[in-house]
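To start, the structure itself, in structure tokens.
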Amino acid sequence: MIEIKDLHKSYQTGSNSLHVLKGIDFNVQEGELVSIMGSSGSGKSTLLNILGMLDEADSGSYFLDGIPIKNLNEKIAAQYRNKFLGFIFQSFNLITYKNAVDNVAMPLYYQGVKRKERLEKAMHYLSKVGLADWATHLPNELSGGQKQRVAIARALASEPKVLLADEPTGALDTKTSYEVMDLIQGINDEGKTILIVTHEPDIADMTKRIVNLKDGVIIDDTIVVNQIKALANV
Ligand SMILES: Nc1ncnc2c1ncn2[C@@H]1O[C@H](COP(=O)(O)OP(=O)(O)O)[C@@H](O)[C@H]1O
Ligand SMILES: [Mg+2]
């Protein structure tokens with residue numbers, strides 16, 4: 001689903017150049033749930049933004065569902081983003097003056113889906129995250145966990161091939177974080193490909209595959225086989 005090879009990215013600030021991604025290689029198969037772990041400044045968001053077509057690498061290749069992502073004009077990039085990708089952010093990024101169901105319906109608006117179908121679909125995904133009863137509430141009437149659920153429903157509404165989450169539990173307490181991770185695991189169990197960026201080892205430990213990023217290189221990429229983990233606990 002995702003294939004990247006020898007990806008490099010530097011930022012120029014004034015006369016300085018900061019080499020942030022130093023040759024990243026990795027593939028993600030359809031249906032995987034992967035966490036990208038690393039301390040602050042290791043390049044996680046930079047990598048996720050490139051995968052999300054919000055930014056472009058300096059060199060290297062990126063194929064998304066077999067399509068080369070390179071030199072796309074903004075219009076095509078926006079179309080691909082809308083079609084392929086759903087985003088979840090630490091700060092939820094909900095529209096403050098729109099209620100929960102209208103927030104979830106937003107990506108469908110941009111896809112040109114008619115209002116009635118938009119609201120039906122939005123309600124479907126809001127129910128899926130357990131918030132059907134909160135449809136007409138504004139974001140400031142919701143808890144942090146509920147806001148993130150709305151954001152997850154919004155990310156699902158456009159039925160993307162891949163969900164990209166940048167520190168989705170970063171603004172939540174431990175209990176709520178685990179509930180949101182349970183929800184994400186449930187969505188993955190239904191077959192959705194999901195990448196989660198986190199600097200919290202306990203959050204990364206909840207995914208089957210952990211990619212460890214340090215100073216712009218992958219230092220470790222491990223798939224935990226549940227059965228073996230379970231046996232070790234006997
Ligand atoms: N737009 C930018 N311009 C200049 N430097 C940046 C920019 N974005 C990120 N950086 C720098 O790149 C490095 C990696 O940042 P980032 O990818 O956000 O790391 P992480 O998400 O792992 O904390 C950091 O040193 C950060 O300060
Ligand atoms: Mg980051």
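The values are calculated or read from the model by the stated rules, or taken from the named source; none is laboratory data. Since the model is a prediction, treat every value here as computed from it, not as a measurement. Cβ sites come from the backbone with ideal geometry, for glycine too, and all protein chains shown count toward neighbours.
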Original post:
Could we say that Leu164 is over 26 Å from His124 (Cα atoms), within 16 Å of ligand 1 (Cβ to nearest atom) and touching a Leu at 6+ places or on another chain (Cβ under 8 Å) here?
Top reply: no
Original post:
Could you list, in sequence order, the residues of segment 59-73 that are surrounded by 14 or more Cβ atoms within 10 Å (Cβ to Cβ), more than 9 Å from Ile4 (Cβ to Cβ) and in contact (Cβ under 8 Å) with a residue 24 or more places away in the chain?
Top reply: Leu64, Asp65
**OP:** Give the residue, chosen from Ile152, Ile196, that is among the aliphatic types (A, V, I, L, M), within 18 Å of Leu131 (Cα to Cα) and modelled with pLDDT of 95 or more.
**Re:** Ile152
Original post:
Any residue at all in segment 20-36 that is at pLDDT below 95 and over 30 Å from Leu131 (Cβ atoms)?
Top reply: yes
Original post:
Failed condition for Gly86, given (1) in a helix (DSSP H, G or I); (2) under 24 Å from Val197 (Cα atoms); (3) not aliphatic (A, V, I, L, M), with all others met?
Top reply: (1)
**OP:** Could you tell me which of the residues Lys44, Lys9 is closer than 20 Å to Gly170 by Cα, buried (at least 20 other Cβ atoms within 10 Å of the Cβ) and either within 17 Å of the chain's Cα centre (by Cα) or not hydrophobic (A, V, I, L, M, F, W, C) (or both)?
**Re:** Lys44
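The rows are residues; the columns are (1) surrounded by 13 or more Cβ atoms within 10 Å (Cβ to Cβ); (2) within 16 Å of ligand 1 (Cβ to nearest atom); (3) touching a residue at least 40 places away in the same chain (Cβ under 8 Å).
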| site | (1), (2), (3) |
| --- | --- |
| Leu21 | yes, yes, yes |
| Asp25 | yes, no, yes |
| Leu33 | yes, no, yes |
| Asp55 | yes, yes, yes |
| Ala78 | yes, no, no |
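To keep it simple, each residue is scored yes or no on (1) on the phi > 0 side of the Ramachandran plot; (2) within 16 Å of ligand 2 (Cβ to nearest atom); (3) in a helix (DSSP H, G or I).
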{"position": "Pro168", "(1), (2), (3)": "no, yes, no"}
{"position": "Lys175", "(1), (2), (3)": "no, no, yes"}
{"position": "Tyr178", "(1), (2), (3)": "no, no, yes"}
{"position": "Thr207", "(1), (2), (3)": "no, no, no"}
{"position": "Val211", "(1), (2), (3)": "no, yes, no"}
**OP:** Only one of these is in contact with a Pro (Cβ under 8 Å, 6 or more places away or on another chain) and either closer than 22 Å to Arg81 by Cα or in a helix (DSSP H, G or I) (or both): Ile187, Ile196. Name it.
**Re:** Ile196
Subject >> Condition met for Glu74 (farther than 23 Å from His199 by Cα, modelled with pLDDT of 95 or more, acidic (Asp, Glu) and more than 16 Å from ligand 1 (Cβ to nearest atom)) >> reply: no
**OP:** Of the numbered conditions (1) more than 16 Å from ligand 2 (Cβ to nearest atom); (2) among the charged types (D, E, K, R); (3) assigned to a loop (DSSP other than H, G, I, E, B), Lys75 fails exactly one; give the number of that condition.
**Re:** (3)
